[in-house]
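Taking it in order: structure first as structure tokens, then the write-up.
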């Protein structure tokens, strides 16, 4: 399979950390085999759909069960924040988002998925 762009989206229903994606762990013995996979996070779009008030969106990178806060963005009501970057995630890595207001944040991320060719 060739490299491909993927999109993950969420409207967090709570104010806890919500997982947007987890990079698959390689398993060549599985049927079908799971190849070594890398995600390159390219764009994060955050939209506050509430009628009033701003919210905070906290983005977290998790590796080996340790969470690292990588960004914290205030999003005004009825506005959108776009973050462009090139951030590498390897097998087992997790990208999470926490919103200070349940059901008001729309989060969408775009990643380039790279799978080792067999």
Once you put a point 7 Å from the Cα of residue 19 and another 7 Å from the Cα of residue 73, both along the Cβ direction, what distance in nm separates them?
2.3
In this structure, the FRET efficiency calculated for residue 102 and residue 6 from their beta-carbon separation, with R0 = 25 Å, to the nearest 0.05, is 0.45
By average Cβ neighbour count within 10 Å, what is the ranking of 99-111, 7-19, 62-74 from highest down?
99-111, 7-19, 62-74
As a test of the definition: which semi-axes, in Å, follow for the chain when you take the square root of five times each eigenvalue of its alpha carbon gyration tensor? Largest first, please.
29, 14, 12
Over the chain, what is the relative contact order in percent, taking alpha-carbon pairs closer than 8 angstrom and at least six residues apart?
45
Separation in nanometres of the label points that stand 7 Å from Cα toward Cβ, at residue 114 and residue 45
2.5
Suppose the chain between residue 30 and residue 85 were pulled fully straight at 0.36 nm per residue; how much longer would it get relative to their current alpha carbon spacing?
16.5 nm
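Laboratory data are not the source of any read-out in this text; all were calculated from the coordinates shown. Treat the numbers as computed from the prediction; the structure is a model and nothing was measured. Cβ coordinates were reconstructed from backbone atoms using ideal geometry, including for glycine residues, and neighbour counts include every protein chain displayed.
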